[in-house]
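Written below as structure tokens is the structure these notes are about.
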Amino acid sequence: MERTSLKQYTKSARKGDFVQIHKVILAPEERPLDLPAATKAVPYEGWIKGNLLDNKAEIGDTVRIETFIGRELSGTLVEINPVYDHNFGKPRPELLSIGKEARIVLEKQKKA
């Protein structure tokens, strides 16, 4: 799809665009009673990525999305073309060879 400007691109989305929504999953009064007070006092929230099902939407609109596993959810549109910016920290030297070592062990077990 053609977009006329970066500003328009980042503020509006069309059906099928990759987006991220925000939704409150549990309000504070719906949370389990056995949670610590500080945790129980705030809502349980989710930020979910998927493809926009609505024909057109702007940041802040309530929209419907379909996730990669096919779930249909609704929430507030917060980002268009979101990035995956999480990581697992710096690599641990002790763990770098585990994958290769595990494959060797599994191959030996397979042959036995």
* Say whether the condition of being over 20 Å from the mean Cα position of the chain (by Cα) and modelled with pLDDT of 95 or more is met by at least one residue in segment 52-59. => yes
* **First in segment 15-28 and on the phi > 0 side of the Ramachandran plot, second anywhere and surrounded by fewer than 18 Cβ atoms within 10 Å (Cβ to Cβ) and not basic (Lys, Arg), Cβ under 7 Å, 6 or more apart** => Gly16/Asn51
* Asked: Listed residues Val42, Val19; which is surrounded by 14 or more Cβ atoms within 10 Å (Cβ to Cβ) and at pLDDT 95 or above?
  -> Val19
* Are any of the residues in segment 88-110 among the β-branched types (Val, Ile, Thr), out of contact with any strand residue (DSSP E or B) (no Cβ under 8 Å at 6 or more places or on another chain), assigned to a loop (DSSP other than H, G, I, E, B) and surrounded by fewer than 12 Cβ atoms within 10 Å (Cβ to Cβ)? -> no
* Asked: What number of residues within segment 46-78 satisfy the criterion of being touching a residue at least 40 places away in the same chain (Cβ under 8 Å) and farther than 16 Å from Val24 by Cα?
  -> 5
* Asked: Has segment 64-82 got any residue that is more than 21 Å from Asp17 (Cβ to Cβ) and either modelled with pLDDT of 90 or more or surrounded by 10 or more Cβ atoms within 10 Å (Cβ to Cβ) (or both)?
  -> no
* To do: Answer yes or no: is there a residue in segment 26-36 that is touching a strand residue (DSSP E or B) at 6+ places or on another chain (Cβ under 7 Å) and either modelled with pLDDT of 95 or more or assigned to a helix (DSSP H, G or I) (or both).
  => yes
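The values are calculated or read from the model by the stated rules, or taken from the named source; none is laboratory data. Quantities reported herein were computed from a predicted structural model and do not represent experimental measurements. Methodologically, a virtual Cβ is constructed for each residue, glycine included, from the backbone with ideal geometry; neighbour enumeration extends over all protein chains shown.
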